[in-house]
Amino acid sequence: MKYLNVLREQLAALTEQRSAAIAEMEAVTDAAVAEERSALTAEEDAAFIEAREKVDSLDAEIEAVIQRVGELEGLEARRAVAATKPVETFHHQHRTPDADSVDVARMSPQEARDAALATIERKDEVGLRSDQLDHVERLVRANRADCRGDLISKRLLLTENEAYRSAWQKAVTQPVPSFTPDEARALEEFRAASIGTDTSGGFGVPVLIDPSIILTGQMSANPFRSISNVISITNDEWKGVSSAGVSWSFDTEAAEVSDDTATLAQPTIPAHMARGFIPYSIEVGADYPGFATEMSRLLAEGADELEAEMFATGTGTNQPTGIITALDANTNAEVSVTTAGTLGVVDIRALWSALPARARGNATWVMSEDINDDISAFGSTYGADSTVDLTAEVEALKSRPVVISSYFPDSTTATTAANWLAVGDFRKFYIVDRVGMSVELVPHLFGLTANRPTGQRGWFAYKRVGSDSVDDTAFRLLTNT
């Protein structure tokens, strides 16, 4: 079990780091003992606290890994026992061994999760990185109102088998596919289960190549996925609870406490349908090695590019709400430049000063390459506010990272209204992915001139995604007005 070995190696590394952190704590106290001091210096105290916090953090990670190792060792033991028993003939031969004893659609949530975890264990040869496998595992274990891990587990069980994968490849490459009995049964079962599908016409992408599932911030070229709060759901919208915080007060002795009730809001982010179309020649459509991997790459790249635009400037009408759109609608989140048509050092400092202190510690700057060049041109004038000087790309402002988005406006000398850059805590900008992408085959494409076939086919892919700010006050937007 390759993934189990990965977890064991991770556990050994974490244990080694913990031992090193404890050694740091002991080194601090040993120095005080050697000098016969009864108290630590301020520097020693800070070093001791930092090492202790590191130990606490590592303890939490170690506990989580130990739990996962135990669960996977249990699955391994159960499979070993099952392997010694006579194999019972079952009409669903294409399923994973863990699912053979029960119809997937009728599995209990726990049965589905156990079988899905076993499938993930056997699927580490598909080329997923350990962090991607971790992400899929977290989705399988999810148990929220808006994200049911048992549904994702069942989708995985129904699509991650040889019969469904070969049927899916035929369905999206051949106008009139000829399915084997096992392939036809696999497609019928997926359709009958209705796991995450919006219509009965599409063919669900197998889970472990499905971009809506395995596309994490680490593997995405979309800058927003790496800095925002990304949530996977199995329904059509995400509902949360937000608050500006609970107010506390000091009251006189034995007096009735004042009303410090927090004002709660329930932000809602709908998942809108994103569509992609990939035309290809009939010649290219012939079977070829690595089809699934290449298909996944094409789908992911197309979706990623569209989402990068929407997360910046999406209108919120039949598409995600972009961060610029959300902040531009809230005048309390806007800061105007001092001189219209001119970006100056004073504007960067004013924008940062306007950002609430609570948002600064986790703030990220987002801007276009052109704006970044303008700021780097400030050079030494900007002093300690930036980490680089002169013509180099600015990597941080006010010790906070700078992220480049090609969909943020370029700078201009015009005095017309424009939104130049944003800064804030992007943990308050939510990206909501509805799990499950589907693909359909358009068997023939026609030319626009005479409406005759062009010798091409097309893949029509669709998924659902949404985004929005859940707390505009955690951001500031620099506007040219």
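The values are calculated or read from the model by the stated rules, or taken from the named source; none is laboratory data. The structure displayed is predicted, hence computed values, not measured ones. Counting neighbours? That spans all protein chains shown, and the Cβs are built from the backbone with ideal geometry, glycine included.
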Test for A450: is it closer than 30 Å to A350 by Cα and surrounded by fewer than 20 Cβ atoms within 10 Å (Cβ to Cβ): no
The stretch 135-174 - residue that is assigned to a helix (DSSP H, G or I), polar (S, T, N, Q) and touching a residue at least 40 places away in the same chain (Cβ under 8 Å) and, of those, nearest to I431 (Cα to Cα): S153
Number of positions in the stretch 428-472 that are part of a loop (DSSP other than H, G, I, E, B) and closer than 30 Å to A326 by Cβ: 2
Criterion (touching a helix residue (DSSP H, G or I) at 6+ places or on another chain (Cβ under 6 Å) and either at pLDDT below 85 or under 30 Å from R464 (Cα atoms) (or both)) met by exactly one of T263, T252, T234, T268: T234
Meets criteria (under 21 Å from V230 (Cβ atoms), under 26 Å from the mean Cα position of the chain (by Cα) and of a type in the set (A, V, I, L, M, F, W, C)) for A145: yes
Test: residue in the stretch 213-220 that is surrounded by 11 or more Cβ atoms within 10 Å (Cβ to Cβ), polar (S, T, N, Q), part of a loop (DSSP other than H, G, I, E, B) and modelled with pLDDT under 75: yes
Candidates V470, V439, V402, V423, filtered to the one that is within 23 Å of the chain's Cα centre (by Cα), of a type in the set (V, I, T) and modelled with pLDDT under 90: V439
Subset of the stretch 442-467 that is in contact with a helix residue (DSSP H, G or I) (Cβ under 9 Å, 6 or more places away or on another chain) and more than 18 Å from I269 (Cα to Cα) - its residue that is modelled with the highest pLDDT: A461
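Filter the stretch 324-366 down to the residues that are in a loop (DSSP other than H, G, I, E, B) and closer than 20 Å to Y430 by Cα and list them by number.
Matches in the stretch 324-366: A329, N330, L355, P356, G361, N362.
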